[in-house]
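Reading through the structure tokens given below for one structure.
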Amino acid sequence: MKFYTKTHPYYCGVDLHTKTLYLCVIDQEGSILMHKNIPAKPDAFLKAIKPYHPNVVIGVECIFSWYWLANLCLEHRITFILGHALYMKAIHGGKAKSDKIDSEKIARLIKGGTFPLAYTYPPELRPVRDLMRRRRNLVRFRSELLAHIKITHHQYNADIFEKNINKKGNRQHVIELFTDPSTKKNIQIDLELADHLHDEIVKLENYIVRHAKQFDARTYYRLQTVPGIGQVLALTLMYEIGDIDRFDRVQSFCSYARLVKCAKESAGKLYGYGGGKIGNAHLKWAFSEATCMLMRESQRAKDYVAKLEKKHGKSKAMSILAHKLGRAVYFVLKRKDAFDLNYFFR
């Protein structure tokens, strides 16, 4: 966990909502200079902080609506920091809780050097990262539609599919396997939606690939030198990680990717492990998929997991390989070098 420890003449805590935001500005002595609720509009915000600009730092809790405020502060050269929502327990404690109280607590956290920092993702890459996440949601929705077709197929014990219906070209005669008109209509809806989603997903992938090649083609192709990482996983890793230099240690990167669990200790005693859900869920998914694909492509990976499985079990053996793969990706990006399978298993 990183804290914001820089000093400023003024500290502004913002309790941000979609329609309003509550501002609290304090000085170095801790005196409240401004404490009011304003509309969530750029003009209203700039007017409110104008007396303190450029000697003010703006702190906001990381929720879904922070993009516009971060862009506005960047445009007007206002120092902006993003607070990690899971670590900002101080603003959620206490007997009473309101927007007014929360904004003051945020301001005092910044002043006291205990404001937990979250990474402010670069504005030029945010839309593409969100588009990549949207693609994943569409793929899941398409999978649900295909699963419903298969479930309905089993319900009526219809003739088996001649080919795998996951491929668009193999779904042409699926509806003919059913006889009931209502069931056919049900399947027709699934097929039409799945076909439409397939076309949109292909368009999305082509668009994101073109952007990746223009933005940083070397990183895009360098990630694909890792066995098990193809086009989709390379794009996911590239846009979820962003700048690898924001991680000063490989352990920090693996923790962010949810590849390790943190020990809970007190008075020299170990009380277990926790924090497995703190981090980037998209990176966790990407490394889990890459681990499975690596085992499919590499016999050495299979042998490595089989050896670990005897001692730790299948699940933990896969987790160890995923952690090892995460470390490899970190150094591939950090050193700007291609993946070496012999070095990986040495």
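On inspection, ILE229 qualifies as outside any helix (DSSP H, G or I), of a type in the set (Val, Ile, Thr) and at pLDDT 95 or above.
Looking across the stretch 13-58, the residues that are closer than 15 Å to LEU69 by Cα and in contact with a Gly (Cβ under 7 Å, 6 or more places away or on another chain) come down to GLY13, VAL14.
Residues VAL60, VAL25: which one is under 29 Å from ASP130 (Cβ atoms), modelled with pLDDT of 95 or more and aliphatic (A, V, I, L, M)?
Exactly one of VAL60, VAL25 is under 29 Å from ASP130 (Cβ atoms), modelled with pLDDT of 95 or more and aliphatic (A, V, I, L, M), namely VAL60.
Only one of the listed residues (ARG136, ARG140) is surrounded by 13 or more Cβ atoms within 10 Å (Cβ to Cβ), among the basic types (Lys, Arg) and either at pLDDT 95 or above or not in a helix (DSSP H, G or I) (or both). That residue is ARG136.
So that you can scan it fast, the table gives a plain yes or no per residue for (1) touching a strand residue (DSSP E or B) at 6+ places or on another chain (Cβ under 9 Å); (2) of a type in the set (A, V, I, L, M, F, W, C):
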residue	(1), (2)
ALA263	yes, yes
TRP285	no, yes
SER315	no, no
SER319	no, no
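Which residue, of ASN166, ASN170, is farther than 21 Å from MET238 by Cβ and more than 27 Å from the chain's Cα centre (by Cα)? When all the criteria are applied, what remains is ASN170.
Among the residues making up the stretch 45-61, those that are in a helix (DSSP H, G or I) and exposed (fewer than 14 other Cβ atoms within 10 Å of the Cβ) are LYS47, LYS50, PRO51.
Set side by side, the residues THR236, THR225 differ, and just one is within 25 Å of ASP337 (Cα to Cα), surrounded by 15 or more Cβ atoms within 10 Å (Cβ to Cβ) and polar (S, T, N, Q), which is THR236. Selection of first residues in the stretch 188-212 that are touching a residue at least 24 places away in the same chain (Cβ under 8 Å) and of second residues that are surrounded by 15 or more Cβ atoms within 10 Å (Cβ to Cβ) and not in a helix (DSSP H, G or I), restricted to Cβ pairs under 6 Å at least 6 apart or on distinct chains, gives the following pairs, ordered by first then second residue: LEU191/ARG171. Looking only at the stretch 243-289, residues that are in contact with a Phe, Trp or Tyr (Cβ under 7 Å, 6 or more places away or on another chain) and among the basic types (Lys, Arg) come to 3 in all. Among the residues of the stretch 144-174, those that are closer than 18 Å to LEU197 by Cα and not in a loop (DSSP other than H, G, I, E, B) comprise GLU144, LEU145, LEU146, ALA147, HIS148, ILE149, LYS150, LYS168, GLY169, ASN170, VAL174.
Somewhere in the stretch 95-104, is a residue among the small types (Gly, Ala, Ser) and either surrounded by 14 or more Cβ atoms within 10 Å (Cβ to Cβ) or touching a Ser or Thr at 6+ places or on another chain (Cβ under 6 Å) (or both)? Yes - at least one qualifying residue is present in the stretch 95-104.
Residue check: ASP130 meets all listed conditions (1) within 30 Å of HIS196 (Cβ to Cβ); (2) acidic (Asp, Glu); (3) in contact (Cβ under 8 Å) with a residue 40 or more places away in the chain but one, namely (3).
Under the condition of being without any contact (Cβ under 8 Å) to a residue 12 or more places away in the chain and farther than 16 Å from SER319 by Cβ, the residues counted in the stretch 246-271 number 11.
Residues of the stretch 266-305 that are small (Gly, Ala, Ser) and either at pLDDT 95 or above or under 22 Å from VAL329 (Cβ atoms) (or both): GLY275, GLY276, GLY279, ALA281, ALA286, SER288, ALA290, SER298, ALA301.
Any idea how many residues of the stretch 3-44 are β-branched (Val, Ile, Thr) and in a strand (DSSP E or B)? Going through the stretch 3-44 one residue at a time, the tally reaches 6.
Residues satisfying the criterion are present in the stretch 279-291 (criterion: among the polar types (S, T, N, Q) and assigned to a helix (DSSP H, G or I)).
Selection over the stretch 296-346 of residues that are among the hydrophobic types (A, V, I, L, M, F, W, C), under 12 Å from VAL226 (Cα atoms), in contact (Cβ under 8 Å) with a residue 24 or more places away in the chain and in a helix (DSSP H, G or I) gives a count of 7.
The values are calculated or read from the model by the stated rules, or taken from the named source; none is laboratory data. All values reported here derive from a predicted model rather than from experimental measurement. When we count neighbours, we look across all protein chains shown, and the Cβ atoms used for this are built from the backbone with ideal geometry, even at glycine.
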